[in-house]
Amino acid sequence: MKPETAAFFAKAREFLDRAPALLAQDFTDDAGRAAYLAGFHAAQALLFEKLGRTPKTHSGVQSEFARSVKDEPTIDQAVRAFLGRTYNLKAIADYETGPGSKVTPAQAAEAIAAARAFVVAIFDLIADDTVR
């Protein structure tokens, strides 16, 4: 694993560790955002490992990630959909106002569980490729 890849995983782990504590303190917007960012950094790890670079935008990472795993049999649909689905929580937390502009505890808890599965799947994929 490249050092940059490991650094992206370390950042993913920080957000993954932070998210449940934020949820426990009822900072649901922050917990949902942290879950997304954990996955975002894991996706960057995969892209850096495969391409030697990462896109500079969220949409660029999401698009390039989708292209990178489209034919990967070990990545299931839930993992493929994670970034797009949880980016919506980040958007709610960062940009929305008024009614419906809050990430619910259930949404945050679901996103944290999905982020954990996403990060593990990406780590396993990279570790498997590194062995080959």
Exercise for the section: Could you quote the convex hull projected area for the chain, Cα atoms only and averaged over all directions, in nm²? Expected result: 7.7
Handout entry: Loop GluC sites (Glu not before Pro), region 1-107, which have at most 15 other Cβ atoms in a 10 Å radius of their Cβ (DSSP)
Key = E96
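Express the relative contact order of region 3-131 as a whole percentage, based on alpha carbon pairs under 8 Å and six or more residues apart in sequence.
Working: 159 pairs, mean separation 45.2, N = 129.
Relative contact order for region 3-131 comes out at 35 percent.
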Handout entry: Partners for K56 among aspartates and glutamates (Cα-Cα distance below 19 Å; same-chain residues under 8 apart left out)
Key = E4, E64, D94
Exercise for the section: For region 39-87, just say rounded, prolate or oblate: build the C-alpha gyration tensor, square-root its eigenvalues into a ≥ b ≥ c, call rounded for a/c under 1.5, and beyond that prolate if a/b exceeds b/c, oblate if not. Expected result: oblate
Handout entry: 3J(HN,Hα) from dihedral phi, region 87-92, Karplus parametrisation 6.51/-1.76/1.60, rounded to Hz, x for glycine, proline
Key = 4, 4, 5, 4, 5, 4
Fill in the blank from the handout: Rounded to the nearest Å, the spacing of the alpha-carbon centers of region 1-41 and region 102-123 is 10
Fill in the blank from the handout: Once both label points are put 7 Å beyond Cα along the C-beta direction, the S59-D94 separation in nm becomes 1.3
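Tally Lys/Arg at +1 and Asp/Glu at -1 over every other residue whose Cβ is under 14 Å from the Cβ of T57; what's the total? Spell out each step's value before the answer.
Values: positive: R53, K56, K90; negative: E64.
Counting the neighbours of T57, the net charge comes to +2.
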Practice task
Determine which lysines satisfy two conditions relative to K102: a Cα distance under 18 Å, and not lying fewer than 8 residues away in the same chain.
Solution key: K90
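What's the local net charge at A19, with K and R +1, D and E -1, over the other residues with C-beta under 14 Å away?
Net charge around A19: 0.
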Handout entry: Residue-count net charge about Y87 - beta-carbon cut-off 11 Å; Lys, Arg +1, Asp, Glu -1
Key = +2
Problem - Rh by Kirkwood over Cα pairs, then Stokes-Einstein D for region 92-132 at 0.890 mPa s and 25 °C, µm²/s - result: 198
Problem - For the chain, size of Cβ-based charge dipole, Lys and Arg +1, Asp and Glu -1, in debye - result: 280
Exercise for the section: Once you have the Cα-Cα distance between L51 and D26, take 0.36 nm times their residue separation minus that, and quote the gain in nm to one decimal. Expected result: 5.2 nm
Handout entry: Table column - 3J(HN,Hα) (Hz), region 56-62, Karplus curve with 6.51, -1.76, 1.60, x for Gly and Pro
Key = 8, 10, 4, 5, x, 5, 4
Fill in the blank from the handout: Expressed as a percent, the portion of alpha-carbon pairs in region 1-78 spaced more than 16 Å apart is 54
Fill in the blank from the handout: Whole-Hz Karplus couplings 3J(HN,Hα) for region 4-19, θ = phi - 60° and coefficients 6.51, -1.76, 1.60, Gly and Pro as x, run 5, 4, 4, 5, 5, 5, 4, 5, 4, 5, 4, 5, 5, 6, 6, 4
Problem - Residues of type lysines that K70 reaches as a straight line, Cα spacing below 18 Å, ignoring anything fewer than 8 places off in the same chain - result: K50
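No value in this document is a laboratory result; all are computed from the given coordinates. Please read these numbers as outputs of a predicted model, since none were measured by experiment. Reconstructed Cβ throughout: ideal geometry from the backbone, glycine too, with neighbour counts over all protein chains shown.
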